[in-house]
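Worksheet: one structure, shown below.
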Amino acid sequence: MEHPENDSQYKGLKVNKGIENVPSINPYLKKRVKRRTYTPSEFVEGILKGDITILSQAVTLVESARHEHQQIAQEVIEKCLPHAGKSIRVGITGVPGAGKSTSIDVFGMHLINQGHKLAVLAIDPSSERSKGSILGDKTRMEALSREKDAFIRPSPSAGSLGGVARKTRETIVLCEAAGFDTIFVETVGVGQSETAVHSMVDFFLLIQLAGTGDELQGIKRGIMEMADGIVINKADGDNIEKAKLAATQFRNALHLFPPSESGWNPKVLTYSGYFNIGIKEIWDMIDEYIAFTKKNGYFDYKRNEQAKYWMYESINDTLRDTFYHNPAVESVLPGTERQVLNNEISSFVAAKRMIDLFLENISRG
Ligand code: GDP
């Protein structure tokens with residue numbers, strides 16, 4: 001019997017015949033189409049037209065670790081390069097709570113209202129590990145996220161700082177080719193990522209707070225030295241005087257630093273992101289800096305130096321990758337590491353052996 005439960009000995013139990021095919025609960029589920037994939041030329045065409053969906057997909061490829069994605073991404077970047085470079089790139093840093101998202105929202109709206117197109121990118125190599133705020137996240141920039149002229153992209157997910165930064169650097173190229181004339185690169189002002197941001201922006205803005213007693217707030221001296229402008233946020237209500245005092249202290253501190261390479265004297269301003277006070281002045285400062293450095297040649301000099309920096313970064317990254325993914329290296333490395341840990345060979349001998357093995361293998365391959 002097909003259904004023994006229907007035997008008369010099982011009282012009160014009946015199994016129905018049932019139907020062949022259960023209909024899907026959501027009739028539309030089946031219709032869901034797979035995301036269309038594009039050829040590199042289609043990507044480039046879409047990006048140059050300013051198509052945000054295609055731009056987003058291209059950025060996803062840039063961020064992907066898969067080899068075939070990287071191949072397409074690199075071709076797209078190369079084709080976009082002649083159309084890139086025309087934006088003003090601004091790095092924005094500050095400790096968590098300094099008001100970066102609030103400020104980027106109002107800075108961004110200030111620019112959009114003037115007819116600019118803005119891309120907000122981020123570098124936060126720790127975002128995935130710490131589960132902290134993912135920089136550049138749309139939900140943190142409420143007004144901007146509703147604007148069609150704003151493209152907000154969170155930090156590429158955690159990885160080596162060099163890797164994360166390079167992806168953001170490449171994303172800048174795509175955004176510029178798509179017509180974004182201002183690029184913000186946001187980062188948390190506590191670690192190493194500032195150097196990476198500094199090496200891809202024209203202007204470096206440091207957001208600070210007043211009245212915490214220790215005015216340097218864990219901001220490393222090196223970060224202050226990189227800043228082309230220091231802006232003290234939350235200059236509102238009872239905090240105005242404290243903010244002014246902090247500004248004076250920062251100005252004094254800046255005098256102790258050696259003059260900057262650009263010839264520009266970094267400025268210190270106070271503002272309130274929340275109450276939208278002093279925003280225009282910050283933008284005027286950035287415009288003034290751009291005009292100043294374009295005139296004295298530093299703007300182009302710095303961009304060239306940055307291009308050189310990224311060439312070496314890419315070489316280093318690729319070499320490291322090729323080395324560690326080399327099958328011969330992969331198979332011998334754990335054993336060699338053990339030998340070093342057991343004091344059987346020195347670190348230097350171990351390193352030399354691994355490099356020799358690698359060179360032998362690539363010359364054969
Ligand atoms: P982030 O961590 O640097 O991105 O900082 P947020 O933008 O999230 O701001 C941290 C907190 O400071 C939030 O509660 C904001 O509402 C507040 N805040 C930001 N800007 C201002 C400001 O100009 N004045 C005041 N009083 N509070 C602000």
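Cα centroid distance between the stretch 242-259 and the stretch 41-56, in Å?
For the stretch 242-259 versus the stretch 41-56, the Cα centre distance is 45 Å.
Give me the angle, in degrees from 0 to 90, between the Cα long axis of helix 347-364 and the longest principal axis of the Cα atoms of the chain, rounded to the nearest 10.
Its long axis makes an angle of about 60 degrees.
With every protein chain present, what is the per residue accessible area of the stretch 41-115 (1.4 Å probe, Å²)?
44
Between helix 52-63 and the chain, what is the angle of the helix's C-alpha long axis to the longest principal axis, kept within 0 to 90° and rounded to the nearest 10?
Roughly 90 degrees, rounded to the nearest 10.
Leaving out ligands, DNA and RNA, what percent of the accessible area of the chain is carbon and sulfur, probe 1.4 Å?
55
Quick check for you: with a 1.4 Å probe and neighbouring chains kept, what is the accessible area per residue of the stretch 245-290, in Å²?
Averaged over the residues of the stretch 245-290, the accessible area is 57 Å².
Please report how many Lys pairs in the stretch 172-325 have alpha carbons closer than 17 angstrom, counting only residues at least 8 apart along the chain or sitting on separate chains.
6
What do you get when you divide the Cα radius of gyration of the stretch 46-111 by 2.2 N^0.38 Å, with N the number of residues?
The stretch 46-111 yields a ratio of 1.44.
On full extension of the chain, what length is gained from Glu305 through Phe323, given 0.36 nm per residue of separation minus the C-alpha to C-alpha distance?
Working it through step by step, the gained length comes to 3.8 nm.
Counting residues in the chain as N, plug N into 2.2 N^0.38 Å and put the Cα Rg over that result.
1.31
The values are calculated or read from the model by the stated rules, or taken from the named source; none is laboratory data. As the structure is a prediction and not an experimental result, all values here were calculated from the model. Areas reflect the complete protein model, heavy atoms only, side chains present, ligands, DNA and RNA absent. Shrake-Rupley method; radii C 1.70, N 1.55, O 1.52, S 1.80 Å.
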